[in-house]
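K.L.:
Quick one: this structure, given as structure tokens, is what I'll be asking you about.
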Amino acid sequence: MALYSDKVMDHFLNPRNVGSIEDANAVGEVGNAKCGDIMKMYLKIEDGVILDAKFETFGCASAIASSSMATELIKGQTVEEASKLTNQAVTEALDGLPAHKIHCSVLAQEAIAKALENYNQAEHLDS
Ligand code: FES
């Protein structure tokens, strides 16, 4: 059996939503100290709905595939739905990751959570 699913390979080789969003109103950056990989999420949120999501990932193939899939999953979702995104959902959507690569999908979950946390704080400051 191949180490990586076709979906992982596809999202690694043709990642969706790469880059930054200039007028993003929720940005979150996380890193994994062990492997040194870094993931930055940009979200454009309007009326509680995620209109756009982009990412910059300096990391392994699984981290790039996970960010690509995670941004695809949360686009069009409400903030509440996106805040419930789990790394299991990302892994499942990718048809699985090798056991030692699960932490790469956790990074995607954390980056989105971080961005949403910053969004809520920014909203709080505005009011
Ligand atoms: Fe650390 Fe993939 S090896 S994010």
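K.L.:
Could you tell me how many degrees, from 0 to 90 and to the nearest 10, lie between the Cα long axis of helix 102-126 and the main elongation axis, the longest principal axis, of the Cα atoms of the chain?
P.N.:
Between the helix axis and the principal axis of the chain, the angle is about 0 degrees.
K.L.:
Let me have the relative contact order for the range 1-89, percent, based on Cα pairs under 8 Å that are six or more residues apart.
P.N.:
Working: 145 pairs, mean separation 25.2, N = 89.
With pairs under 8 Å counted, the relative contact order is 28 percent.
K.L.:
How far is it, in nm, from the label point at A122 to the one at Q88 when both lie 7 Å from their Cα along the line to the Cβ?
P.N.:
3.1
K.L.:
Longest segment of the chain with no trypsin sites (Lys or Arg not before Pro) in a DSSP loop having at most 13 other Cβ atoms within 10 Å?
P.N.:
On the way: sites that count: K34, K84.
After excluding every exposed loop site, the longest remaining stretch is 35-83.
K.L.:
Compute the whole-percent fraction of alpha carbon pairs in the range 1-57 spaced more than 18 Å apart. Display every interim value, and only then the final one.
P.N.:
Details: 788 of 1596 pairs.
So the portion of pairs separated by more than 18 Å is 49 percent.
K.L.:
Scan around I45 for amide H atoms under 5 Å from its own, H built in the peptide plane at 1.01 Å from N, and keep only partners 5 or more places away or cross-chain.
P.N.:
Amide H neighbours of I45, under 5 Å, 5+ apart: N25, A26, L51.
K.L.:
Would you kindly state how much longer the chain becomes between L3 and E56 on full extension, computed as 0.36 nm times their sequence separation minus their alpha carbon distance, in nm to one decimal? Show your work: numbers first, answer last.
P.N.:
Details: separation 53, 0.36 × 53 = 19.08 nm, distance 2.42 nm.
Taking L3 through E56 to full extension adds about 16.7 nm, to one decimal.
K.L.:
Quick check on the range 64-127: take the gyration tensor over C-alpha atoms, sort the square-rooted eigenvalues as a ≥ b ≥ c, and tell me if it's rounded (a/c under 1.5), prolate or oblate.
P.N.:
It is prolate, given that a/c is not under 1.5 and a/b is the larger ratio.
K.L.:
Along the positive direction of the dipole of the chain (beta-carbon charges: Lys, Arg +1; Asp, Glu -1; about the Cα centre), which of Y119, V106, A2 reaches farthest?
P.N.:
Going by the Cα projections, it comes out as A2.
K.L.:
Additional query: If one takes the longest principal axis of the Cα atoms in the chain, at what angle in degrees, from 0 to 90 and to the nearest 10, does the Cα axis of helix 61-74 lie?
P.N.:
So the helix axis and the longest Cα principal axis differ by about 40 degrees.
K.L.:
Sticking with this one: Quick one: work out Rg over Rh on the C-alpha atoms of the chain, Rh as Kirkwood radius.
P.N.:
Details: Rg = 13.9 Å, Rh = 14.3 Å.
With Rh from the inverse mean 1/r over Cα pairs, Rg/Rh is 0.97.
Coordinate-derived values only; no laboratory data. Only a predicted model underlies this, so the values are computations on that prediction, with no experimental measurement involved. Virtual Cβ from ideal backbone geometry, glycine too; neighbours counted across all protein chains shown.
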